[in-house]
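*Asks:* Just passing along the structure, written as structure tokens.
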Amino acid sequence: MTEQSRRRYLGVVDLGGTKILSMIVDEKGRILGEDRRPTEASEGPEVGLERIAASLEAVMAEAGLTRDDLRAAGVCSPGPIDPVHGVLPEASNLPGWINVPIRQYLADRLGVPVILEHDATAAAYGEFVYGAGRGFRNIIYITVSTGIGGGFVLDGRLYRGASGAAGEIGHITIEAEGPPCFCGKPGHVEGLASGRAIAREAQTVLGRGGSPLMARLAEEDGQLSAATVQRAAEGGDSEAIRILRRAGYYLGIGFAACVDIFNPEVLVIGGGLRHMRDFYLGPAEEEMTRRAWQESLKVVRVLQVELGDYSGAMGVAALLLEGAATA
Ligand SMILES: [Zn+2]
């Protein structure tokens, strides 16, 4: 067996703030095995890097593979990232992880070329190649979760921007002097429409003694999250419904901005809040339709991700298969 035919497999990792997903993928994009474990980011980057490598090695061992079977590897991670040097300068979801040389570490450990990609950018590409964006040339992936982010495929190519920071849909200004976003700046989509923004608004309501149902559910959950607000809304709580509809309204203004600028065929929605249809995504689509330019609205569809939480890792696999890792 030649070296080339033996090295057929890719190691891909989706590094999240709370969990690590590692997979082995073959040259046809088939998943041979996966490993999930907590990130435990608070233990620091040295332990974290070791955990990422151990996770990949575990899934390789389970698939009966060794380092010699691996062609390349790749990681996607919360931003910002430095894709040129393969370094995490300071990931907002990984507190204390500063200037982490993730690419070099894995390249040394595994003996193969390694790429580092922004997670939402990778997810956009994963959905474009294998998921809801198949067959289209212009897709915008939008993740609605604790935060809000995105990635663009334009004219069939991944668009990263000048420094790899394109797609930060969460930081579009939609209310000129609105409440501070979690990045500190006023009136951003993320500060008005994200899971954290929903929880912050709900906290304000509880602080003034409103919504007994939401208060009870928060006590049951041991926390007040967007999921708590959703449950209260399903129970008919008018304050919870108002909070979600308002967040959806702002999200829709963000959707409209994306549609007007890029004229995409599809918005692909990912992230944990994508299931909140009635009080959140529905109002967002209505608001998009009310605001966006008519010509762009004629072609755009709003779809959900097809790859679930595999979008990012499969995007890394697609990039590797196209030869993104060469060194
Ligand atoms: Zn912001």
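*Asks:* Can you compute log10 of I(q)/I(0) for the stretch 82-144 with the Debye formula, treating each Cα as one identical point scatterer, at q = 0.24 Å⁻¹?
*Replies:* At q = 0.24 Å⁻¹ the computed log10 ratios are -0.96.
*Asks:* Next question, about the same structure. Helix 238-262 versus the longest principal axis of the chain: what angle, 0 to 90°, nearest 10, using Cα atoms?
*Replies:* Between the helix axis and the principal axis of the chain, the angle is about 60 degrees.
*Asks:* Quick one: order 97, 293 from most to least accessible surface, probe 1.4 Å. Don't skip to the end; give the middle numbers.
*Replies:* Numbers: 97 0, 293 160 Å².
The ranking, largest first, comes out as 293, 97.
*Asks:* Give me the dipole magnitude in Debye, nearest 20, for the chain about the Cα centre, with unit charges on the beta carbon: positive for Lys and Arg, negative for Asp and Glu. Write down the numbers at each step before the final one.
*Replies:* On the way: 32 positive and 42 negative charges, 95 e Å.
With only Lys, Arg, Asp and Glu charged at Cβ, the dipole is about 460 debye.
*Asks:* By the scheme Lys and Arg +1, Asp and Glu -1, what is the net charge of all other residues having a beta-carbon under 13 Å from that of residue 317? Write down the numbers at each step before the final one.
*Replies:* Values: positive: 8, 28, 30, 71; negative: 14, 26, 27, 34, 117, 127, 322.
Neighbourhood net charge equals -3.
*Asks:* What does the charge dipole of the stretch 203-262 about its Cα centre add up to, to the nearest 20 debye, if the Cβ of each Lys and Arg holds +1 and the Cβ of each Asp and Glu holds -1? Kindly include the intermediate steps, with their values, before the conclusion.
*Replies:* Numbers: 6 positive and 7 negative charges, 38 e Å.
Charge dipole, the stretch 203-262, about its Cα centre: 180 debye, nearest 20.
*Asks:* So what's the angle, to the nearest 10 degrees on a 0 to 90 scale, between helix 119-130 and the longest Cα principal axis of the chain?
*Replies:* 80 degrees
*Asks:* Using just the Cα positions, wrap the stretch 73-221 in a convex hull and report its mean projected area in square nanometres, one decimal place. Present the calculation step by step, with values, prior to reporting the outcome.
*Replies:* Values: hull surface 48.5 nm².
About 12.1 nm², averaged over all directions.
*Asks:* Diagonalise the Cα gyration tensor of the stretch 146-266 and give the resulting equivalent ellipsoid semi-axes, square root of 5 times each eigenvalue, largest first, whole Å.
*Replies:* Equivalent-ellipsoid dimensions as semi-axes: 31, 14, 13 Å.
*Asks:* Next up: Taking the simple approach of a point 7 Å from Cα along Cα-to-Cβ for both residue 66 and residue 242, what is their distance in nm?
*Replies:* 6.7 nm
*Asks:* What are the extents of the Cα atoms of the chain along their three principal axes, listed from largest to smallest and rounded to whole Å?
*Replies:* 67, 47, 32
*Asks:* Could you put 268, 87 in order of accessible surface area, largest first, with the 1.4 Å probe and the full protein assembly present? Kindly include the intermediate steps, with their values, before the conclusion.
*Replies:* Values: 268 0, 87 30 Å².
Descending order: 87, 268.
*Asks:* Residue 105 accessible area, nearest 10 Å², 1.4 Å probe?
*Replies:* Accessible area, nearest 10 Å²: 70 Å².
*Asks:* A further question follows. Eigenvalues of the Cα gyration tensor times 5, then square-rooted: what semi-axes does that give for the stretch 135-181, in whole angstrom, largest first?
*Replies:* On the way: eigenvalues 114, 29, 18 Å².
Square roots of five times the eigenvalues give 24, 12, 10 Å.
*Asks:* Moving to a separate point now. DSSP beta bridges in the chain, what fraction antiparallel, as a percent rounded to 5?
*Replies:* Looking only at bridges with both residues in the chain, the antiparallel portion is about 55 percent.
*Asks:* Among 101, 188, 80, pick out the residue whose Cα is farthest towards the positive end of the charge dipole of the chain, where Lys and Arg carry +1 and Asp and Glu carry -1 on C-beta, about the Cα centre.
*Replies:* It is 188.
*Asks:* Find out how many positive minus negative residues lie around residue 306, taking Lys and Arg as positive, Asp and Glu as negative, among other residues whose Cβ is under 9 Å from that of residue 306.
*Replies:* Numbers: positive: 134; negative: 127.
Result for the local shell: 0.
*Asks:* Using only the C-alpha atoms of the stretch 1-142, find the volume of their convex hull and express it per residue in Å³. Write down the numbers at each step before the final one.
*Replies:* Details: hull volume 16.4 nm³, N = 142.
In the stretch 1-142, the Cα hull volume divided by residue count equals 116 Å³.
*Asks:* Taking the full set of protein chains and a 1.4 angstrom probe, give the accessible area of residue 275 in square angstrom, rounded to the nearest 10.
*Replies:* 130 Å²
*Asks:* Mind checking the angle between helix 311-321 and the chain's longest principal axis? C-alpha axes, 0 to 90 degrees, to the nearest 10.
*Replies:* Taking Cα atoms only, the helix is inclined about 30 degrees.
*Asks:* Using only alpha-carbon positions, what ratio does the radius of gyration of the stretch 278-322 give when scaled by 2.2 N^0.38 Å? Kindly include the intermediate steps, with their values, before the conclusion.
*Replies:* Numbers: Rg = 15.3 Å, N = 45, 2.2 N^0.38 = 9.3 Å.
The reported ratio for this selection is 1.64.
*Asks:* Pick out which of 40, 168, 220 has the largest mean-square fluctuation in a Gaussian network model of the chain, springs linking Cα atoms closer than 10 Å.
*Replies:* Evaluated over the chain, the most mobile residue of the options is 220.
*Asks:* I've got another one for you. Write down the percent of antiparallel bridges among all DSSP beta bridges whose residues are both part of the stretch 40-169, to the nearest 5.
*Replies:* On the way: 12 of 17 bridges.
Of all bridge pairs located within the stretch 40-169, approximately 70 percent are antiparallel.
*Asks:* Now a separate question. Using the crude model of +1 on Lys and Arg Cβ and -1 on Asp and Glu Cβ, and no other charge, please compute the dipole size for the stretch 1-106 relative to its Cα centre, in debye to 20. Walk me through the numbers on the way to the answer.
*Replies:* Details: 12 positive and 16 negative charges, 68 e Å.
Rounded to the nearest 20 debye, it is 320 debye.
The values are calculated or read from the model by the stated rules, or taken from the named source; none is laboratory data. Every value quoted in this text rests on a predicted model; they were computed, and no experiment measured them. We place every Cβ from the backbone using ideal geometry, glycine too, and count neighbours over all the protein chains shown. Accessible surface areas use protein heavy atoms only, side chains included; no ligands, DNA or RNA. Shrake-Rupley method; radii C 1.70, N 1.55, O 1.52, S 1.80 Å.
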